[in-house]
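J.: Below are the structure tokens for one structure; questions will follow.
The values are calculated or read from the model by the stated rules, or taken from the named source; none is laboratory data. Small disclaimer: the values here were computed from a predicted structure and weren't measured. When we count neighbours, we look across all protein chains shown, and the Cβ atoms used for this are built from the backbone with ideal geometry, even at glycine. Quick note on the areas: whole protein, heavy atoms, side chains included, nothing else; ligands and nucleic acids left out. Shrake-Rupley method; radii C 1.70, N 1.55, O 1.52, S 1.80 Å.
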Amino acid sequence: MQITFFSKYSISKLSLLVYFVMTIQSSIGQIHPVTKESSIIFTIHNFGFKVTGSFEAPQGDIRFNPDSLSSSYFRVTIKAASVNTDNNTRDEHLREEDYFDVKNYPQISFVSGSIQTAGNKGDFTASGRLTIKNKTRDIQLPFTAVKSAEGYLFTGSFKMNRRDFGVGGGSTLSNELTVDIKVLAR
């Protein structure tokens, strides 16, 4: 009679345990932006007039657990060519070298370094690195996270200086713009 380290019964129990651990990890693991339910909107002034535009929803990975912020992160990209101001001529101009230079820099990225609680329950701040046209700057992104059935709805807003990223050169645009983010992630 041959003696084995694991009996068939023990192997079955071990397999079941591994399955449950993997299931639990995936349920609290990465979530991804839902394209049709997410938006990135920017507002800037040009000749004193307010101009609003958008980008397609971000793609990438998000891990968010309000009880474990040290293991939470955002690693997302946006297609720079998706810029849309509802004016095709202006949008094509924004895709050119002086602005987003989408041929050489097709993606805008944000990678968080840390996430902290901020103020009220559900309010947080992500500190991270925003990269546009291969220029990277540290930013603070205040946001609210609301638990949904299968993930989270993240909403936030921040101001940035377009010149920090070499966008728009000496154009008539104001330097500061506001970026509003709404991302449903599952």
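J.: Just one of V111, V102 is modelled with pLDDT of 95 or more and more than 25 Å from D67 (Cα to Cα); which is it?
T.: V102
J.: Hey, another quick one. Here is a list: G53, G60. Which entry is open to solvent by 20 Å² or more (accessible area, probe 1.4 Å), at pLDDT 95 or above and in contact with a strand residue (DSSP E or B) (Cβ under 8 Å, 6 or more places away or on another chain)?
T.: Result of the check over G53, G60: G60.
J.: Please verify whether F143 is more than 20 Å from T52 (Cα to Cα), touching a helix residue (DSSP H, G or I) at 6+ places or on another chain (Cβ under 8 Å), open to solvent by less than 20 Å² (accessible area, probe 1.4 Å) and aromatic (F, W, Y), treating the condition exactly as stated.
T.: For F143, the condition - more than 20 Å from T52 (Cα to Cα), touching a helix residue (DSSP H, G or I) at 6+ places or on another chain (Cβ under 8 Å), open to solvent by less than 20 Å² (accessible area, probe 1.4 Å) and aromatic (F, W, Y) - is not met.
J.: Kindly check whether there is at least one residue in segment 116-123 that is charged (D, E, K, R), in contact with a Leu (Cβ under 8 Å, 6 or more places away or on another chain) and open to solvent by less than 50 Å² (accessible area, probe 1.4 Å).
T.: No: segment 116-123 contains no residue that is charged (D, E, K, R), in contact with a Leu (Cβ under 8 Å, 6 or more places away or on another chain) and open to solvent by less than 50 Å² (accessible area, probe 1.4 Å).
J.: For segment 82-114, how many residues are closer than 19 Å to I181 by Cα and open to solvent by 50 Å² or more (accessible area, probe 1.4 Å)?
T.: Total meeting the criteria: 5.
J.: Please specify each residue of segment 35-50 satisfying the condition of being free of Cβ contacts under 8 Å to residues at least 60 places away in the same chain and outside any loop (DSSP other than H, G, I, E, B).
T.: T35, K36, F49, K50, listed by residue number.
J.: Assess whether E150 counts as being open to solvent by 40 Å² or more (accessible area, probe 1.4 Å), in contact with a Lys or Arg (Cβ under 9 Å, 6 or more places away or on another chain), charged (D, E, K, R) and at pLDDT 95 or above.
T.: So E150 does not fit the description; no.
J.: Of the residues in segment 170-186, how many are crowded, with 17+ Cβ neighbours inside 10 Å, in contact with a helix residue (DSSP H, G or I) (Cβ under 8 Å, 6 or more places away or on another chain) and farther than 16 Å from F74 by Cα?
T.: 2
Results for (1) free of Cβ contacts under 8 Å to residues at least 60 places away in the same chain; (2) within 11 Å of the chain's Cα centre (by Cα), shown as yes or no for each residue.
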residue	(1), (2)
P33	no, yes
G53	yes, no
I62	no, yes
S68	yes, no
Y73	yes, yes
T77	yes, yes
N88	yes, no
D91	yes, no
E96	yes, no
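J.: Would you say F74 is modelled with pLDDT of 50 or more and either surrounded by fewer than 16 Cβ atoms within 10 Å (Cβ to Cβ) or among the aromatic types (F, W, Y) (or both)?
T.: Taking the combined requirement at face value, the residue satisfies it.
J.: Output yes when any residue across segment 162-169 is among the hydrophobic types (A, V, I, L, M, F, W, C), under 18 Å from P33 (Cα atoms) and either modelled with pLDDT under 95 or open to solvent by less than 30 Å² (accessible area, probe 1.4 Å) (or both), and no when none is.
T.: Checking segment 162-169: not a single residue is among the hydrophobic types (A, V, I, L, M, F, W, C), under 18 Å from P33 (Cα atoms) and either modelled with pLDDT under 95 or open to solvent by less than 30 Å² (accessible area, probe 1.4 Å) (or both).
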